[in-house]
1. Within the set of pairs 6+ apart or on separate chains, which have a first residue in the stretch 101-121 that is within 28 Å of T90 (Cα to Cα) and modelled with pLDDT of 95 or more, a second that is of a type in the set (A, V, I, L, M) and surrounded by fewer than 16 Cβ atoms within 10 Å (Cβ to Cβ), and C-beta atoms under 9 Å apart?
2. Has the stretch 61-71 got at least one residue that is in a loop (DSSP other than H, G, I, E, B) and either of a type in the set (D, E, K, R) or within 19 Å of T118 (Cβ to Cβ) (or both)?
3. Spot the failing condition for Y79; the list is (1) under 22 Å from S121 (Cα atoms); (2) in contact with a strand residue (DSSP E or B) (Cβ under 8 Å, 6 or more places away or on another chain); (3) not basic (K, R), and only one is missed.
4. On the given criteria, is G42 of a type in the set (G, A, S), surrounded by fewer than 19 Cβ atoms within 10 Å (Cβ to Cβ), in a loop (DSSP other than H, G, I, E, B) and in contact (Cβ under 8 Å) with a residue 12 or more places away in the chain?
5. Mind listing just one residue for me: the one in the stretch 95-105 that is out of contact with any Cys (no Cβ under 9 Å at 6 or more places or on another chain) and open to solvent by less than 60 Å² (accessible area, probe 1.4 Å) and, of those, farthest from T50 (Cα to Cα)?
6. Quick check: is even one residue across the stretch 50-66 in contact (Cβ under 8 Å) with a residue 40 or more places away in the chain, among the aliphatic types (A, V, I, L, M) and either under 24 Å from Q100 (Cα atoms) or surrounded by fewer than 17 Cβ atoms within 10 Å (Cβ to Cβ) (or both)?
7. Tell me which residues, restricted to the stretch 106-117, are surrounded by fewer than 15 Cβ atoms within 10 Å (Cβ to Cβ) and either in contact with a Ser or Thr (Cβ under 6 Å, 6 or more places away or on another chain) or outside any strand (DSSP E or B) (or both).
8. Return the only residue of L20, L11 being surrounded by 14 or more Cβ atoms within 10 Å (Cβ to Cβ) and at pLDDT 95 or above.
Amino acid sequence: QVQVVESGGGLVQPGGSLRLSCAASGSIFKLNAMGWYRQAPGKERELVATITSTGSTKYQDSVKGRLTISRDNGKKTVYLQMNSLKPEDTAVYYCTANIQSSWSYKPSDYWGQGTQVTVSS
């Protein structure tokens, strides 16, 4: 069994900060790329940022300079530091991890349950 669990969402005022965490657990043989997506009401899920196992990162243009993705391989955890938050950042944020489990020869994408981030005054 492999699980991916997010934490750290909440309500914040515009210009404020939040840090999301996402921990992978279970029978993990290899943890590959991890990332964050978000889905706002009435919109499709979109990529926010990704990070490879060696630390290479990619960002959606609208979050560059404000959101920072990082990971701790020892803790099997990925983080999303969100600064200078805007109302348009309001969404459910989902963590994803590409994991090869102990019982599989091929990696699969695992998703968390999502955590709500609301930016409002």
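The values are calculated or read from the model by the stated rules, or taken from the named source; none is laboratory data. Everything quoted here is computed from the prediction, not taken from an experiment. Cβ placement follows ideal geometry from the backbone for every residue including glycine, while neighbour counts extend to all protein chains displayed. Accessible surface areas use protein heavy atoms only, side chains included; no ligands, DNA or RNA. Shrake-Rupley method; radii C 1.70, N 1.55, O 1.52, S 1.80 Å.
1. Within 9 Å, the pairs are G112/V5; Q113/V5; Q116/L11; V117/L11; T118/L11; V119/L11; S120/L11.
2. Pass one, the stretch 61-71, residues in a loop (DSSP other than H, G, I, E, B): 64-66.
Remaining after also requiring either of a type in the set (D, E, K, R) or within 19 Å of T118 (Cβ to Cβ) (or both): 64, 66.
Among the residues of the stretch 61-71, at least one is in a loop (DSSP other than H, G, I, E, B) and either of a type in the set (D, E, K, R) or within 19 Å of T118 (Cβ to Cβ) (or both), which makes the answer yes.
3. It fails just one condition, (1).
4. Working: of a type in the set (G, A, S): yes; surrounded by fewer than 19 Cβ atoms within 10 Å (Cβ to Cβ): yes; in a loop (DSSP other than H, G, I, E, B): yes; in contact (Cβ under 8 Å) with a residue 12 or more places away in the chain: no.
Spelling it out, it is not the case that G42 is of a type in the set (G, A, S), surrounded by fewer than 19 Cβ atoms within 10 Å (Cβ to Cβ), in a loop (DSSP other than H, G, I, E, B) and in contact (Cβ under 8 Å) with a residue 12 or more places away in the chain.
5. Within the stretch 95-105, the first condition is being out of contact with any Cys (no Cβ under 9 Å at 6 or more places or on another chain), and the residues that meet it are 98-105.
Cutting the leftovers down to open to solvent by less than 60 Å² (accessible area, probe 1.4 Å) gives us 98-101, 104.
Values: N98: 11, I99: 14, Q100: 17, S101: 20, S104: 23 Å.
The extreme case among them is S104.
6. No: zero hits.
7. First pass over the stretch 106-117, keeping only residues surrounded by fewer than 15 Cβ atoms within 10 Å (Cβ to Cβ): 106, 108-109, 111, 113, 116.
Those that are surrounded by fewer than 15 Cβ atoms within 10 Å (Cβ to Cβ) and either in contact with a Ser or Thr (Cβ under 6 Å, 6 or more places away or on another chain) or outside any strand (DSSP E or B) (or both): K106, D109, W111, Q113.
8. Working: L11 fails: surrounded by 14 or more Cβ atoms within 10 Å (Cβ to Cβ).
Within the list L20, L11, the selection yields L20.
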